[in-house]
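Below: one structure, written as structure tokens.
The values are calculated or read from the model by the stated rules, or taken from the named source; none is laboratory data. Predicted model only: the values in this text are computed from it and were never measured. Cβ atoms come from the backbone with ideal geometry, glycine included; neighbour counts cover every protein chain shown. For the accessible areas, the whole protein counts, side chains as well, though only heavy atoms, and no ligand, DNA or RNA atoms are used. Shrake-Rupley method; radii C 1.70, N 1.55, O 1.52, S 1.80 Å.
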Amino acid sequence: MNIDVPRSGAAQFTLLLRDVEDGPVDLTGVAVAIEFRNESGDSDTIATAGVEANDDVTGLVWTDQANGQALVTYYGSDFDALDGQYDVVRLSHKIRFTKAGDAPLLVFGRVNLLPE
């Protein structure tokens, strides 16, 4: 999943998680953690976001938790500390869904941080 985020704005997308048989994944009781890293493979985490089970926070709102749906917003201002305000900065992101007793579900992708 690749997302373009303007430094002076935001990018919003809906996550709709489905199982291998195309049924919805119940996210009730799931905690979510989001990490951003340099795409070059640097292991340092640049920014993080998270949500405890069943809570809405800035950046992630459960729109239909029982059917695996959440609205996610990445804000350009979250990356103000990064250099390259006038260049495209390529990052990777990982979204981890964790529920007690289950293996974590991971979603990976690229974030292109667009110049001002």
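Inter-label distance, ARG110 to GLN85: 2.6 nm, where each label sits 7 Å from its Cα along the C-beta direction. In this structure the chain gives 56 Å² per residue of accessible area when probed at 1.4 Å with all protein chains present. Report in % the part of the accessible area of the chain that belongs to carbon and sulfur, leaving out ligands and nucleic acids; probe 1.4 Å. About 47 percent, which is the carbon plus sulfur part of the accessible surface. Each of (1) 305; (2) 104; (3) 55 is a candidate for volume of the Cα convex hull per residue in Å³; the one calculated from this structure is (2).
The residues neighbouring LEU16, those whose beta-carbon lies less than 14 Å from its own, together hold a net charge of -3 under the Lys/Arg +1, Asp/Glu -1 convention.
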